[in-house]
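Undergrad: Structure provided below as structure tokens; questions to follow.
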Amino acid sequence: MSNKVKILMHPVRMKICQALMSNKESGLTPLGMVKIIKDVPQATLYRHIQIMLDSNIIYVKKEKKVKSVSEKYYALNEKEAILNGEEWKKASNDEKLDFFSYYQLSLMTQYQSYLKKLEEENSKEDSATFSIVDLKLDEDNFVQFQNELNELMKKYYHKSDNKSDSPCRTIAVTIIPST
């Protein structure tokens, strides 16, 4: 397994990536991450931040002097936090299944948190959606579809604002080729 795959596949590091993606404009301090990632002890979080920093997956966006301490704000190095096609091809089937399992687990954890929040707010308004669609497309049309979907995701990802009143929504897409 490549080192990058190993680093990105770890569940705690996936949570760090998610937290940083949601705060890409300002970055986050380790303390800010602890407030978001509540189920990970602070010492463990610091250890994983260091691993990601050493691997160039995250970087120090800015430093702020607070009393006599320099507080570091971390941001995601988006180009390094993505597995490219070659890295994915080199991964074994077991590694790919592990990665897919963490991906699914991450979605399930987010959905559980969302449902808990609805319950705490005594809200009946569940606006989550799920869909599965089988598309019968030839290779050219499928590649076109995939490119258009990627462009649409990028367009709105880069339009994201980090105003505190703007809700964050997770869009997860899984494409499984025909068997």
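Undergrad: For V143, tell me the accessible area in Å² from a 1.4 Å probe, rounded to the nearest 10.
TA: So the heavy atoms of V143 present about 60 Å² to solvent.
Undergrad: Over the range 5-114, with the other protein chains present, what is the accessible area per residue in square angstrom, probe 1.4 angstrom?
TA: It amounts to 61 Å² per residue over the range 5-114.
Undergrad: Once you have a ≥ b ≥ c as the square roots of the Cα gyration tensor eigenvalues for the range 51-141, tell me rounded if a/c is under 1.5, and otherwise prolate or oblate according to whether a/b is larger than b/c. All intermediate terms of the calculation are to be shown ahead of the outcome.
TA: Numbers: a/c = 2.45, a/b = 1.19, b/c = 2.07.
Here the range 51-141 falls in the oblate category.
Undergrad: What's the FRET efficiency of E63 with V40 using the Cβ-Cβ distance as r and R₀ = 25 Å, to the nearest 0.05?
TA: It comes out at approximately 0.60.
Undergrad: Does the range 97-179 classify as rounded, prolate or oblate by the C-alpha gyration tensor (a ≥ b ≥ c root eigenvalues; a/c under 1.5 gives rounded; else a/b over b/c gives prolate, otherwise oblate)?
TA: Prolate is the answer for the range 97-179, as a/c is 1.5 or above and a/b outweighs b/c.
Undergrad: With a 1.4 Å probe and every protein chain kept in, tell me what percent of the accessible surface of the chain is carbon plus sulfur. Don't skip to the answer; put the middle values down first.
TA: Details: 7190 of 13540 Å².
Percent of accessible area from carbon and sulfur atoms in the chain: 53.
Undergrad: Out of M9, L31, A19, whose Cα points farthest toward the positive end of the dipole of the range 1-43 (charges: +1 Lys, Arg; -1 Asp, Glu; placed on Cβ)?
TA: It is M9.
Undergrad: How would the range 1-118 be classified by its alpha-carbon gyration tensor: rounded, prolate or oblate, with rounded meaning a/c under 1.5 and the a/b versus b/c comparison settling the rest?
TA: Values: a/c = 2.19, a/b = 1.34, b/c = 1.64.
Note, shape of the range 1-118 comes out oblate.
Undergrad: When the helices in the chain are scored as -39500 (n - 2.57) per DSSP H run of 4 or longer and the sum is shared across all residues, what 222 nm value do you end up with, to the nearest 500 deg cm²/dmol?
TA: Values: 7 runs with 94 residues, N = 179.
The helix-only estimate for the chain comes to -17000 deg cm²/dmol at 222 nm.
The values are calculated or read from the model by the stated rules, or taken from the named source; none is laboratory data. Small disclaimer: the values here were computed from a predicted structure and weren't measured. Neighbour counts run over all protein chains shown; Cβ positions are idealised from the backbone, glycine included. With ligands, DNA and RNA removed, areas are computed over all heavy atoms of the protein, side chains included. Shrake-Rupley method; radii C 1.70, N 1.55, O 1.52, S 1.80 Å.
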